[in-house]
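Here the structure is laid out as structure tokens; the discussion comes afterwards.
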Amino acid sequence: MKSHKLEDPFDISSLLFQSNEDDANATTRSCYYVGPVTITNTAAVSGRGLIATRDIAAGECLFVTPATVFARVETVYPRWVSRNSQPGTLEEISEQVLIEEMKSLISNKDEQATVGSFMTLMGASASNTTSLSIAQLLGRGSDEATTSFTINDISDNELLQIIRRNAFGPDFVTYLSIEQRWLDHNTYIPRRLLGLFPFAAMINHSCVPNAVRVFAGDTMIAHACDSIKTGQEIVWSYLPPTQPYPQRHATLRHQHGFVCQCRRCTNEAEFWNTPPASLSILTRDSWVRLCNRTLDDVCVQEARSATIRILEDVLQAKDITNETKHFIRVGFAEIYISYLNYALQLTKSVEVDHLDHLLQRICMPLHLSMAACNNASTEHLSILHVCYDLIGTIHSATKERHLTVNKLRFWTAQVQKACMVRYGNLGNDIESVRKAMQHTRAVLRNKDGFAQSTHGFI
Ligand SMILES: C[S@@+](CC[C@H](N)C(=O)[O-])C[C@H]1O[C@@H](n2cnc3c(N)ncnc32)[C@H](O)[C@@H]1O
């Protein structure tokens, strides 16, 4: 398929909001754009990386890239249904399908640019000096990559290593939750399961990212979520930022093979070396239970409330910088989100004053921490959705609307700001923000989240 270079990366609305899946995928798979970024071989601790070629403002588009190869839902689903004859989890079946797709491209003489991009990903390490061309990494998007590549005798296991280190799985949902929905005979169809984006695979990890990605079908769109200086490295998070330091540390070490030394981890390490005794109740099991967004249990909700109170007390008492407080609080965000979602479901029986208290005392610090640490991330948007619904409920329920209108304006502006960063210029006009909110509400929605969202203010 001939690729199509996007001249105006700002108009991504047609990529994001097309309703017909087939049309959307057909259009987006061939689009690409490379903004003010280039690849460096010299990132100090992490091998090759992407750097800014000029100063970049938050919200600028960094690149748009189609997946070079991906596991189609239509291919994976029937295999998952008949998995009794060929056992495997959804993740393993998706990996197997991707391996087959890669092998098919490798054997195709017309796919030399794609083969070149696989070769580049094979030797991903700090010492690797493979010379890189962006065109080559864009695979099908390349007009220049005419060199002939051969990969002889590459084993399935080597292809699997490329996938595990570089591929992008589903976003907003986990393989497990997709399987659960399919087991419940839910007709849910994820827009994507697993794909390789060799150009995006050059980006290293940080728990304080300066870039975010969104997907339009199998096309990835990346924006700066913070201002980035010329020569500074572009980094994003490989895992949900809303996990506490010990969990992030373990996942990065065991699943990605490195010890994270980003600013956030360095700052948090001291706190977590000797965590306050009052927080030590957080065993892994109780943690998972407190974060579970579908648990509508009064006792669990009280335990969440107590955890948040203890954490806020600890943060007030400890002699730590504001930045470190933001970092630590974001690590507890899953509990905050579950707590707020549950409170939102109870809005009919809960006093407006209490909701206002939640907005001031819980939502505001959490939002400020997310903005400082993982601005415009999925989780940040999730929190803003909840805040927006809370202020919507308060504004609708009060007789003195003149007193709440400024708060409504404030939270509307926060949603718009986050959308501008995540979706670029698209967030500039309110109609697109409305559409983006519909889009994110649909993808961020969980079984019980946002159940009360009946307000039409934005
Ligand atoms: C998707 S690749 C990123 C590009 C990679 N640096 C390369 O040269 O191909 C992921 C790998 O980069 C390295 N990496 C990424 N972020 C890192 C970090 N913060 N610290 C150390 N190594 C990192 C790890 O080896 C990881 O498995």
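The values are calculated or read from the model by the stated rules, or taken from the named source; none is laboratory data. Given the structure is predicted, the values throughout are model-derived calculations rather than measurements. Note that we place each Cβ from the backbone using ideal geometry, even for glycine, and neighbour counts take in every protein chain shown. Just so you know, the surface numbers come from the protein's heavy atoms only, side chains and all, with ligands and any DNA or RNA stripped out. Shrake-Rupley method; radii C 1.70, N 1.55, O 1.52, S 1.80 Å.
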*Excluding A376 itself, what net charge comes from residues whose Cβ is under 15 Å from its Cβ, given Lys and Arg +1 and Asp and Glu -1?*
-1
*State the volume of the convex hull built on the alpha-carbon positions of the stretch 245-444, expressed per residue in Å³ and rounded to an integer.*
143 Å³
*If you keep only loop residues by DSSP, which trypsin sites (Lys or Arg not before Pro) in the stretch 321-398 have at most 10 other Cβ atoms within 10 Å of their Cβ?*
K348
*Report the full-extension gain for the segment E270 to E179: residue separation times 0.36 nm, less the Cα-Cα distance, to one decimal in nm.*
28.9 nm
*Whole-Hz couplings from phi, Karplus 6.51/-1.76/1.60, listed for the stretch 240-252; x for Gly and Pro*: x, x, 8, 9, x, 3, x, 6, 4, 4, 5, 5, 5
*What's the local net charge at L390, with K and R +1, D and E -1, over the other residues with C-beta under 13 Å away?*
-2
*Subtracting the Cα-Cα distance from 0.36 nm times the residue separation, let me have the gained length for V288 to Q345 in nm, one decimal.*
18.5 nm
*Quick one: which residues, 5+ away or cross-chain, put their amide H under 5 Å from the amide H of L194? H built at 1.01 Å from N.*
A71
_Carbon plus sulfur fraction of accessible area for the stretch 244-378, probe 1.4 Å, in percent_ = 51 percent
_S206 long-range amide H proximity, modeled H, under 5 Å_ = W236, S237, Y238
_Heavy-atom accessible area per residue - the stretch 245-444, 1.4 Å, Å²_ = 47 Å²
*Net charge contributed by nearby residues that have their C-beta within less than 15 Å of N41 (K/R +1, D/E -1)*: 0
*Please work out how much accessible surface R422 shows to a 1.4 Å probe, ignoring ligands, DNA and RNA, in Å² rounded to 10.*
10 Å²
_Under-5 Å amide H pairs with T40, H placed in peptide plane, nonlocal only_ = G49, L50, I51
